[in-house]
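Here is the structure we will look at.
The values are calculated or read from the model by the stated rules, or taken from the named source; none is laboratory data. Computed from a predicted structure; not experimentally measured. As a convention, Cβ positions derive from the backbone with ideal geometry for all residues, glycine included, and neighbour counts pool all protein chains shown.
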Amino acid sequence: MNPERLTSSPTPSLSSLDVYQEAYDYSLNNPEAFWLEQAKRIDWVRTPTVADRSQFAPKAEIRWFEDGQLNVCYNCLDRHLGQHADKTAIIFEADELGHSQRISFRELHQRVCRLANVLSSLGVKKGDVITLYMPMVPELVVAMLACARLGAIHSVVFSGFSASALAERLAASQSRYLVTVSQNCRGGRIHHLRDNAQQALAVDCSPVKTVLLLNSESSMTYPNKGGQKGVFAWPASVVVHNYNDLERTVSDHCPCVTVNALDPLFILYTSGSTGHPKGVIHSSGGYLVYASLTHQVIFDIQPEDVYFCTADIGWITGHSYGVYGPLSKATTLVLFQGVPTYPDASRFWRIIDEHKVSLFYTAPTALRALRQFEESFIDSASLTSLRRLASVGEPIDPPTWQWFFDVIGKGRCPIMDTWWQTETGGVLICPLVTNVRSKDSASIFESSANELLQQTNPSKNPFIHQKPGCAAKPFFGVRPVIIQDQKPVLQPGVEGYLCLEKSWPGQALGILGDEDYFQKAYFDVHPGLYTSGDGAKCDEDGDIWILGRLDDVLNVSGHRLNSAELEQAIMEHPEVTEACVVGFSHSIKGQGICAFLVTKASNYNELKQQIKQIVRQKIGPIATPDKILVVPDLPKTRSGKIIRRLLRKVIEGADMKTENLSSCVNPSCLITIGQSLEV
Ligand code: WT7
């Protein structure tokens, strides 16, 4: 297929395996031509003449479009003002029902320019790191784009993180600026973000000098429900500004600062293989090309689409597919402040009907949680506007997939199971091929749905290459391999570590302040390859199935947590002498957290409560252990290393008699642990 057909709008229908294969082969065989062509989807100040100059060995260097120059905010806003100024950019669905707002591209542009001018007046310059500790409100999008406009680097810290998690991320990024809001409403409850920020800044050596408080109107839907706790105050060393005061003094006009393709657009902290979060650095040019193209193709974006991504902007999905991907193409997006179960479990479905959402991107954990409720919550919605569904964050189990397909998609909508990571910037593997263009499919299936379903496919799935739970195909230009017997291959039947053979434009540039970790964690494990940390297998059709993490990273409700991070928090309790955290399969969260402890304490119930409290304070509520088990001893190797693998087996209820215990010096403790689980 001619690569131009991917940039032209509407996108080509990836309607058969042949069409996909042709385009995919072209992208692999002519990578420079393919990617330079794709780069044209964004407006450059200086058009790049080279695409990929990356290498994985001997030292990893990620370099895409290196002589290109651009401004990311210009691409998400200014260039749409000619044709789409009055089009809705953001439909903000507030926590409380009936408080939605529409923001046009013109208004968004104006708000971004004003905030950018305020930031400039506070001294923000190209290359400065600005931490945004903000909830799901339009002001967060405005703040990200304002940073991008100035060439400043944003570091969004998930608003559910605690004060100490925020303090750690501020220190690690040496961020001199913090932008936050006083409070937020979520699920009918007030969250005091300002209190957390004040507490975070009270620690010694906080790098923050300037705080900008966006008194988000949208987060103030009901100011009577709580008010400020007022326990903390800002330290004397920071200057605190109220946006409302400064906004009046600035103009609506703000020029875009030109940056190089390789200049960082943002940093985003994620869990790595140590106890400390890693600041993943993403580029401006390559990242935007990749986020934009993948979003276009995977969602088959049409101008009239209304797109709803439920992920919090505090995670990479919210960055790539909640903000940059959709806005780069002037797609109308829904930004939802609340939770799927407030005021009741019909909330997502109501939003879909009310705003005529056509594209819906969510996570398996949310689907599993919603599936538990009575179908009456869904029956009240028609869901007829939907035409494509997608899932991300963890493997989607086939029953949940089928429910998503039948009950939410009414058998009309293909599901994109998108595999990727914070480090990859955008989707690398997903079932790209659907046998009908979904736009057309809506009309076909409405008229003769049953007939067609029966004729085309006995499994009642009218979309070819839709296997429940299968991520299936690599995106254009992406070369996945699976390591089996030390050899990287991709052929039917192989199973092992999932790696990538070549770079792609969305690939992270590095880890902030830790080049060594970047090299060792991702590129030295299998020299010449990028190692993802996930396992995968390839089926008889050559389709890829993701098996989940093979390292110590836990995936709890789609959130990445490291066991060491949790163990360090737990060890802060003075009466805990040893701790080991493992994941276990959990019916809603995907993985639950189980902490094994050795302790001097005698009141176990009190201890458990205190530990939960410590973890909430150190990391945040998402990291609260589901199970805490006090044990006399932990299984260890001769050198004293805890054997996590055996604890995982114990918690899954495996029979220890059949396990290989040869490396364990104290196997008897496993029997005791096993027995304590049975009661
Ligand atoms: C890890 C990355 C990518 C955005 C959200 C998570 C797991 C992600 C899938 C999927 C199976 C998946 C992997 C990956 N994961 N998507 N479709 N099927 N597993 O980003 O926090 O960087 O986590 O999430 O284990 O390594 P993240």
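Some values worked out for this structure:
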| read-out | value |
| --- | --- |
| Unmet requirement for Pro667, which otherwise passes all of (1) under 30 Å from the mean Cα position of the chain (by Cα); (2) of a type outside the set (Val, Ile, Thr); (3) more than 28 Å from Gly590 (Cβ to Cβ) | (1) |
| Residue in the stretch 414-429 that is more than 15 Å from the ligand (Cβ to nearest atom) and either touching a helix residue (DSSP H, G or I) at 6+ places or on another chain (Cβ under 6 Å) or at pLDDT 60 or above (or both) present | no |
| Filter result (touching a His at 6+ places or on another chain (Cβ under 8 Å), within 25 Å of Asn260 (Cα to Cα) and buried (at least 22 other Cβ atoms within 10 Å of the Cβ)) within the stretch 68-104 | Leu77 |
| Odd one out for Phe360, checked against (1) in a helix (DSSP H, G or I); (2) crowded, with 21+ Cβ neighbours inside 10 Å; (3) more than 12 Å from the ligand (Cβ to nearest atom) | (1) |
| Subset of the stretch 363-398 that is of a type in the set (Lys, Arg) and not in a helix (DSSP H, G or I) - its residue that is farthest from Val297 (Cα to Cα) | Arg387 |
| Test: residue in the stretch 272-281 that is of a type in the set (Gly, Ala, Ser), within 14 Å of the ligand (Cβ to nearest atom) and at pLDDT 95 or above | yes |
| Selection count, the stretch 537-554, where residues are crowded, with 17+ Cβ neighbours inside 10 Å, more than 16 Å from Gly393 (Cβ to Cβ) and aliphatic (A, V, I, L, M) | 1 |
| Helices (runs of 4 or more DSSP H) fully within the stretch 546-663 counting 1 or more residues that are small (Gly, Ala, Ser) and within 16 Å of the ligand (Cβ to nearest atom) | 563-570 |
| Qualifying residues in the stretch 507-532 (those that are of a type outside the set (Asp, Glu) and without any contact (Cβ under 8 Å) to a residue 40 or more places away in the chain) - the one farthest from the ligand (Cβ to nearest atom) | Lys520 |
| Failed item in (1) aliphatic (A, V, I, L, M); (2) away from the ligand (no atom under 12 Å from the Cβ); (3) part of a strand (DSSP E or B), with Ala536 passing the rest | (2) |
| Which listed residue, of Ala366, Ala381, is more than 22 Å from Arg560 (Cα to Cα) and either away from the ligand (no atom under 16 Å from the Cβ) or among the aliphatic types (A, V, I, L, M) (or both) | Ala381 |
